[in-house]
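Engineer: I'd like to ask you about the structure that follows.
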Amino acid sequence: LGRAAFPSPLLVSEPAPRTSAMAAAVVDPISVPTDLGAREVLDIGQITLNLQKIDNPQASLHQCASRYGAQAIRSLFEKLEQKDAVMNFQELNLSDNNIGDEGCRWLMHGLNSTTKSGRQVGENLKALIMPRARFGADGMKAIGGVIGASKSLENVILSSNACDAAGMTGEFCTGLSKNQSVKSLCLAVCRLGDKGVAALCEPLKSHPTLEHLSLQYNRLEAAAATSLANMLAVNQALRFLDLSGNSIGPDGARALVDGLKKNKGKLQRLSVSQNEIQHAGAKAFCQHFMSPEGKSLTYLDLRHNAVPYPKMVELRKELGRPMDDKSEGWMLVFGDRQLLLNR
């Protein structure tokens, strides 16, 4: 969930053979501790740091997560402080590591600190990638501090960290309200629930740059859809909203359609697959998609929403795409627009 495509970084391990080509590639090596009781060499002269190190395809994610933890993050920024240096990394990939709440706090302290000349240590950071980094509400609040202090951060992936609704309140939303640079925010599988999304929607109403928001598999019901609809009614920046794998139901679907109408065509891509919206919800979305005010939607995913077969036949007729021997299947193409629809 939420792994963006970025160039592979250089991560040098001490036990690896020291070839001349490798030695030439290392720009600024430092040594940091691992949770396995060893030390490894990281190159802080590169623009990407990738600690999602899966060398052996037979290794489990648990084994990978045992490699780097809070002390590695602390050591990294202590070395930068000793050098009185700005961090060169534009991307930090800490996926599948035991970063925890403590590691998030060290990350906030390190990135938000300044050099003697007054430059922010994390001023170059554009992508923070931390799915499955084993932090909770306190860690999410610390990441909110990172977001609020950053002027360069564009891509933030925090999926699969069980912060619950508590993680969205206070510092996280305060930080998001201060930020004016983030373009993509992935919060899938964080157990946010309706209350968490209600809190999140407040800073999103006026966020000037956020174009992509992922809230997949967050135990959302109709109340969350209402909060999102109220946000969409005033939001000017969001272009892609992914709500797949929740349970907004028919009432939530109708609330979202109302929000889309008030959004006046700003949102272009929406996924509500696997949301139990049933026939009533699917029909409301299809009618909006085919209406003049819904023409701005270029992608709408309504798959797997418990629509009975007879009702699916009915919907396809209303769309002008009857289910016959020459059926297009579940992807219906209307020029450069796509509607994904099945039972």
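The values are calculated or read from the model by the stated rules, or taken from the named source; none is laboratory data. Predicted model only: the values in this text are computed from it and were never measured. Reconstructed Cβ throughout: ideal geometry from the backbone, glycine too, with neighbour counts over all protein chains shown. Remember, those area values only see protein heavy atoms, side chains included, never the ligands or the DNA or RNA. Shrake-Rupley method; radii C 1.70, N 1.55, O 1.52, S 1.80 Å.
Engineer: Restricting to region 208-225, count the residues that are farther than 20 Å from ASP164 by Cβ and not in a loop (DSSP other than H, G, I, E, B).
Structural biologist: The number of residues fulfilling the criteria is 1.
Engineer: I'm told LYS264 meets every condition in (1) crowded, with 20+ Cβ neighbours inside 10 Å; (2) at pLDDT below 95; (3) not acidic (Asp, Glu) except one. Can you identify the failing condition by its number?
Structural biologist: All conditions are met except number (1).
Engineer: For region 158-176, what are the residues that are assigned to a helix (DSSP H, G or I) and open to solvent by less than 10 Å² (accessible area, probe 1.4 Å)?
Structural biologist: GLY167, PHE172, GLY175, LEU176
Engineer: Spot the failing condition for ASN263; the list is (1) in contact with a helix residue (DSSP H, G or I) (Cβ under 8 Å, 6 or more places away or on another chain); (2) over 18 Å from ASP242 (Cβ atoms), and only one is missed.
Structural biologist: (2)
Engineer: Here is a further query. Any idea which of GLN274, GLN287 is open to solvent by 40 Å² or more (accessible area, probe 1.4 Å) and on the phi > 0 side of the Ramachandran plot?
Structural biologist: Residue meeting the stated conditions: GLN274.
Engineer: Would you call LEU111 under 19 Å from the mean Cα position of the chain (by Cα), modelled with pLDDT of 95 or more and of a type outside the set (Ser, Thr, Tyr)?
Structural biologist: So LEU111 fails the test.
Engineer: Return a yes/no flag: does region 227-240 have any residue that is closer than 16 Å to VAL156 by Cβ and of a type in the set (A, V, I, L, M).
Structural biologist: yes
Engineer: On to the next question. Being out of contact with any Pro (no Cβ under 6 Å at 6 or more places or on another chain), touching a residue at least 60 places away in the same chain (Cβ under 8 Å), open to solvent by less than 10 Å² (accessible area, probe 1.4 Å) and under 21 Å from LEU220 (Cα atoms) is the filter here, so list the residues in region 129-157 that pass it.
Structural biologist: Result: PRO131, single match.
Engineer: Name every residue in region 226-244 that is outside any helix (DSSP H, G or I) and of a type outside the set (A, V, I, L, M, F, W, C), in order of residue number.
Structural biologist: ASN235, GLN236, ARG239, ASP242, SER244
Okay, residues lined up against (1) modelled with pLDDT of 95 or more; (2) open to solvent by 10 Å² or more (accessible area, probe 1.4 Å); (3) within 19 Å of ARG316 (Cα to Cα); (4) in contact with a His (Cβ under 9 Å, 6 or more places away or on another chain):
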position	(1), (2), (3), (4)
GLN268	yes, yes, no, no
HIS279	yes, yes, yes, no
LYS283	yes, yes, yes, no
TYR299	yes, yes, yes, no
LEU302	yes, no, yes, no
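Engineer: Across region 200-246, what is the number of residues that are of a type in the set (Ser, Thr, Tyr) and open to solvent by 30 Å² or more (accessible area, probe 1.4 Å)?
Structural biologist: Residues flagged as of a type in the set (Ser, Thr, Tyr) and open to solvent by 30 Å² or more (accessible area, probe 1.4 Å) within region 200-246 amount to 4.
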